[in-house]
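Engineer: Below is a structure I'd like to ask you about.
The values are calculated or read from the model by the stated rules, or taken from the named source; none is laboratory data. Keep in mind it's a predicted model, so treat the numbers as computed, not measured. Ideal geometry is used to build each Cβ from the backbone, glycine not excepted, and the neighbour counts take in all protein chains shown.
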Amino acid sequence: MSLIVCFSCGAVLASLSINRTISEFSRLIELHQIEDLRKHLVIRIQAVQSDLYTVRTPLAHTLDSIVTNVSELDSASRGCLGCHHIPEVSDRINGLQRHIEVYQNALSYYITAASNAKHVEELKNEAASIGNKLIISTEEMSMDASNRLKTITKNALLKVNRAKTILFITVMLNGDAQR
């Protein structure tokens, strides 16, 4: 009877540990999704910044390229607002969305400005500055996610090893008891 109780306790402890570990792996997947969002945003911001710096030069793309990339930025950030993130991550995503709206407005003013060259240059520099701030914000988000990924991965691996140890000890005790 004690053998069954011992084995049952070991199995229950291992199962609980495995369930907690699965939850942590789910969190890892969520953090990877945040990193994917960050990469997408950075690529779009860099494309806009590149187009912005070359407007009215021989290397210029059409202004439609800026509009398309800014629309993609907006769609990506809004698409993630519906995700179920911890409040800290949701706040960061909301902050990014507000920065993207300011960025859109600055770019809109720039694109529609047909006034003097000095004013157009000021608007371009303002939009570029906002874009750079957006890139910095996404990098900070990535660093935070990376640090959390490392911690969660380390803890998950420790728990998996602990569960393996519990199961090993339980099996060994079971084998000794049967002899």
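Engineer: Can you tell me which residues in the stretch 52-68 are at pLDDT 80 or above and surrounded by 17 or more Cβ atoms within 10 Å (Cβ to Cβ)? Please lay out each step first, then the result.
Structural biologist: We begin by selecting, within the stretch 52-68, every residue at pLDDT 80 or above; these are 68.
Across the stretch 52-68, there are no qualifying residues.
Engineer: Looking only at the stretch 98-121, count every residue that is closer than 22 Å to S77 by Cα and surrounded by fewer than 16 Cβ atoms within 10 Å (Cβ to Cβ) and tell me the total.
Structural biologist: Residues flagged as closer than 22 Å to S77 by Cα and surrounded by fewer than 16 Cβ atoms within 10 Å (Cβ to Cβ) within the stretch 98-121 amount to 5.
Engineer: One residue is enough: does the stretch 25-41 have a residue meeting the conditions more than 30 Å from L158 (Cα to Cα) and either surrounded by fewer than 18 Cβ atoms within 10 Å (Cβ to Cβ) or modelled with pLDDT of 80 or more (or both)?
Structural biologist: Step one: of the stretch 25-41, the residues more than 30 Å from L158 (Cα to Cα) are 40-41.
Still in the running and either surrounded by fewer than 18 Cβ atoms within 10 Å (Cβ to Cβ) or modelled with pLDDT of 80 or more (or both): 40-41.
Yes, some residue in the stretch 25-41 is more than 30 Å from L158 (Cα to Cα) and either surrounded by fewer than 18 Cβ atoms within 10 Å (Cβ to Cβ) or modelled with pLDDT of 80 or more (or both).
Engineer: Kindly evaluate K124 against the criterion of being surrounded by fewer than 13 Cβ atoms within 10 Å (Cβ to Cβ) and either free of Cβ contacts under 8 Å to residues at least 24 places away in the same chain or under 21 Å from L41 (Cβ atoms) (or both).
Structural biologist: No, not satisfied.
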